[in-house]
1. Give just the number: which of (1) modelled with pLDDT of 95 or more; (2) in contact with a helix residue (DSSP H, G or I) (Cβ under 7 Å, 6 or more places away or on another chain); (3) not in a helix (DSSP H, G or I) does residue 140 not satisfy?
2. Which ones in the range 149-170 are surrounded by 16 or more Cβ atoms within 10 Å (Cβ to Cβ) and either at pLDDT below 90 or outside the structural domain of residue 28 (by TED's automatic domain parsing) (or both)?
3. Is it the case that residue 38 is within 30 Å of residue 181 (Cα to Cα) and either in contact with a strand residue (DSSP E or B) (Cβ under 8 Å, 6 or more places away or on another chain) or free of Cβ contacts under 8 Å to residues at least 60 places away in the same chain (or both)?
4. What's the total number of residues in the range 48-78 that are in a helix (DSSP H, G or I), free of Cβ contacts under 8 Å to residues at least 24 places away in the same chain, under 29 Å from residue 90 (Cα atoms) and under 30 Å from the mean Cα position of the chain (by Cα)?
5. Of the residues that sit in the range 96-113 and are at pLDDT 95 or above and outside any strand (DSSP E or B), which one is surrounded by the most Cβ atoms within 10 Å (Cβ to Cβ)?
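The values are calculated or read from the model by the stated rules, or taken from the named source; none is laboratory data. If you're wondering where the values come from, they're calculated on a predicted model, not measured in any experiment. Note that each Cβ is placed from the backbone with ideal geometry, even for glycine, and that neighbours are counted across all protein chains shown.
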């Protein structure tokens with residue numbers, strides 16, 4: 001019976017340690033968990049936000065690539081439209097180009113202020129000037145917004161942030177399961193011990 005008591009004592013001690021890890025993890029990373037869950041929810045709804053989070057794609061005049069202007073000409077048009085809107089000093093550093101043949105449209109996404117332009121691939125005319133809220137939310141979600149702010153080269157902050165929060169979530173999940181399972185296991189052990197013959201029960 002001494003061995004059974006020792007086993008219960010170890011389980012109870014491990015349960016206390018698990019509860020402490022679970023509570024400490026939750027307290028220290030509460031803000032990170034809040035931002036991850038909130039931005040994850042928004043990203044899940046981005047295509048169903050009516051253009052509020054993710055701008056809708058506009059239709060160009062031709063889906064035939066043979067009718068399109070060269071990408072270089074389209075890029076020059078995009079930069080011109082951008083400077084006409086925000087001024088000559090506005091940065092035209094390009095982040096990516098999204099070509100949509102099925103829409104007859106090409107999208108230029110610029111690094112500054114999460115700005116994007118949708119141009120008609122055939123005429124080069126401006127279809128839509130957009131603010132990339134979905135990109136901002138995504139950068140908050142994975143921590144890369146800090147890399148943008150501090151201008152780090154290789155995404156070091158994002159790597160640290162995702163590693164810490166990922167490990168913390170694994171710990172949080174594991175300790176949460178144990179906090180649910182361990183009391184059930186202890187109660188089952190006590191119940192089994194009470195069924196033993198009276199001379200083996202510890203009084």
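1. (3)
2. So in the range 149-170, the residues surrounded by 16 or more Cβ atoms within 10 Å (Cβ to Cβ) come out as 155, 157-158, 161-162, 165, 168.
Within the range 149-170, 168 is the sole residue that qualifies.
3. Values: within 30 Å of residue 181 (Cα to Cα): yes; either in contact with a strand residue (DSSP E or B) (Cβ under 8 Å, 6 or more places away or on another chain) or free of Cβ contacts under 8 Å to residues at least 60 places away in the same chain (or both): yes.
It is true that residue 38 is within 30 Å of residue 181 (Cα to Cα) and either in contact with a strand residue (DSSP E or B) (Cβ under 8 Å, 6 or more places away or on another chain) or free of Cβ contacts under 8 Å to residues at least 60 places away in the same chain (or both).
4. Filtering the range 48-78 for residues in a helix (DSSP H, G or I) gives 48, 65-67, 71-78.
Adding the requirement that they be free of Cβ contacts under 8 Å to residues at least 24 places away in the same chain leaves 48, 66, 72, 76.
If we keep only those that are under 29 Å from residue 90 (Cα atoms) too, we end up with 72, 76.
Okay, now just the ones that are also under 30 Å from the mean Cα position of the chain (by Cα), so none.
So the answer is 0.
5. Filtering first and then ranking leaves 104.
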